[in-house]
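The values are calculated or read from the model by the stated rules, or taken from the named source; none is laboratory data. For clarity, every value in this text was computed on a predicted model and none was experimentally measured. Neighbour counts run over all protein chains shown; Cβ positions are idealised from the backbone, glycine included. Remember, those area values only see protein heavy atoms, side chains included, never the ligands or the DNA or RNA. Shrake-Rupley method; radii C 1.70, N 1.55, O 1.52, S 1.80 Å.
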Amino acid sequence: MNNQYPVYTLSNECHDCYRCVRECLVKAIKIENGHASVIPEKCIACGHCVKTCPSNAKRVRVDIDKAKNLILAQKEVYVSLAPSWSGVFEYSSEKMISILKKLGFKAVSETALGAQEVSIKTTGILNEAEKGLFISSACPVIVDFIRIYHPEFTKYITPLGSPAMTHAKMLRNNYGDDIAIVFIGPCIGKKNEVKYSGLFDVALTFEELKYWIHDELVDPSTVPEEADSKFVPEAACEGTLYPIDGGMNETIKRIGVKKGVQLLDIAGLEAFEKALNNLNPDKLDRVVFVEALSCEGGCVAGPCISTEKAGISIVSDVLTNVKDRENIPKSPSVVVPYEIHEKKIVDSQYPIEEILKTLKKLGKHTVDDELNCGGCGYATCRDLAKALLDGDAEISMCVSYMRKIAMKKAAALVRCMPAAVVVVDSNMNIVEANESFMKMFTGDMYEIFKTRPEGLAGAALDRIIDFADLFRTILKSGKELHKERYPVKNCLYDISIFTIEENELVGAVISDVTQSETNREKIAQKAHEVISKNISIVQEIACLLGEHMVETETLLSSIANDFDDKDEEDNVKSES
């Protein structure tokens, strides 16, 4: 599991609903054999698919064992605790630190300390600038989103490491490069940041921490608060505002930004992308700083926030934990220079002929056939066609196409059935009937109904057949009925009537068994005649054999008696 990408799919739990495709802004989802999987090179680890998956098939890689192994290796392992913790856990800071130490950590520090340093450095950059666009680097998902999908804006990201990276550097400066650092927060993107930053060792989510606590301690309330349970090297102040939408801008204001600098905050990938549309930063005649966060509502609404608390309560608890400091330094104590490079995904370009050919496979032969309903997860039918050409989608994803195919198959099956099939509504009007039904029951009117495009649809059932009351009974009861050799006039029918939609639609399959029953009676009659004749012959043979046997028995008895008399005479002579 540790070799997997931070977001993956449990295939057995994936029920081909395509919701993850619809919800993924960057379409980093591949459908194969009806199951969705994440495309790592396209994914930005925003976790939106994890939050929205209705069957809980999208999962986040669990890295608890990585953290445990660091502790088992007898390393001094420090926690970098994201400031949103106070909105999730119902513990005091002393209790929280004691619990983490009980799990084996050396000490606990607040990531917000790094956030404070980032704000100080960012404020200095903004104050020195004359004009231009600046985008915060605090959110790893936003950073990946820009460099992969909008690389033209990469150069406008502030060249600073995130608060987590800056905080990790601070801890190493204070406690040595040989320590290990585990970040804990609500963000999945941090698991990717571990890999490319190299400054901290493991990133855990709040969900993972809760699982670990439950697995190791069972009842955290029994863990005593240690006397030295304090954040190291010190408690954070205004940096704890970072997880709230606009929190970073608030810290910049407190530090002191020059007049004329515009501070904007945008939370949510979709909103951020819309904000970039048609933007030409070179035409800006002022300094514009954008605090961009991928989660709507900020980090307190992260994909792994792991709490059922109301959003207002989470924000309120975080704000309650904010401490002010009278003097904020003008220069940062720690800076992590961060050179961000483009990593653009090159979209495949297909000739219009290939796209149109693929659309025809979906039953879309004209522009009017392109419904663009979004049922497949893609905005347009042509986007789906491109995904099919890329190998990231399947034809079965097109709901309208599959519906047409299903209807055609069903219609062909019903049409070709030798048995009569009919569907009737609650008003006893025929909704659908196959040709066998028309042949069987319309008599001389068959040719007329056959030429009608709608066939028997709309006709009153009781004007077509003489056993319509059976259908009324099933419409009322909602049950099923089966009649064998049901007599109607001079015919016999096998009738099966069943409910399609209770009290609304019933269907029936009817077979004319008149001829087969007549043939069966004829066969039975012939068999009886043959049997009777054979019995007579057998009886005659038996009689003849009986008479012959009597005559034979009489003759043999006579011969035997004659031999017995001769033997007695010979015995008498010998004795003389």
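Taking the criterion of being open to solvent by less than 50 Å² (accessible area, probe 1.4 Å) and of a type outside the set (A, V, I, L, M), the residues of region 478-517 that qualify are Gly478, Cys491, Tyr493, Asp494, Ser496, Thr499, Gly507, Ser511, Thr514, Glu517. Here is a list: Thr320, Thr307, Thr366. Which entry is over 34 Å from the mean Cα position of the chain (by Cα) and either of a type in the set (D, E, K, R) or at pLDDT below 95 (or both)? Just a single option satisfies the conditions, and that option is Thr320. Reported count of residues in region 216-250, each being among the acidic types (Asp, Glu) and either open to solvent by less than 10 Å² (accessible area, probe 1.4 Å) or without any contact (Cβ under 8 Å) to a residue 12 or more places away in the chain (or both), is 3.
Of Ser306, Ser348, Ser333, all but one fail to be open to solvent by 50 Å² or more (accessible area, probe 1.4 Å), assigned to a loop (DSSP other than H, G, I, E, B), under 22 Å from Ile44 (Cα atoms) and small (Gly, Ala, Ser); the exception is Ser348.
Looking only at region 323-347, which residues are over 22 Å from Ile184 (Cβ atoms) and over 39 Å from the mean Cα position of the chain (by Cα)? Asp324, Arg325, Glu326, Asn327, Ile328, Pro329, Lys330, Ser331, Pro332, Ser333, Val335, Pro337, listed by residue number. Counting only residues that are of a type in the set (Asp, Glu), in contact with a helix residue (DSSP H, G or I) (Cβ under 6 Å, 6 or more places away or on another chain) and farther than 20 Å from Val143 by Cα, region 234-286 holds 2 of them. Filter region 176-199 for residues that are assigned to a helix (DSSP H, G or I) and in contact with a Phe, Trp or Tyr (Cβ under 7 Å, 6 or more places away or on another chain) and give the result. Selection gives Lys190, Val194.
The set of residues from region 351-371 being in contact (Cβ under 8 Å) with a residue 12 or more places away in the chain, touching a Leu at 6+ places or on another chain (Cβ under 9 Å) and in a loop (DSSP other than H, G, I, E, B) comprises Leu362, Lys364, Glu370. For region 234-267, filtering for residues that are among the acidic types (Asp, Glu), outside any loop (DSSP other than H, G, I, E, B) and closer than 22 Å to His48 by Cβ leaves 1. Among the residues of region 134-160, the ones that are more than 35 Å from the chain's Cα centre (by Cα) and either buried (at least 18 other Cβ atoms within 10 Å of the Cβ) or among the aromatic types (Phe, Trp, Tyr) (or both) come to 4 in all.
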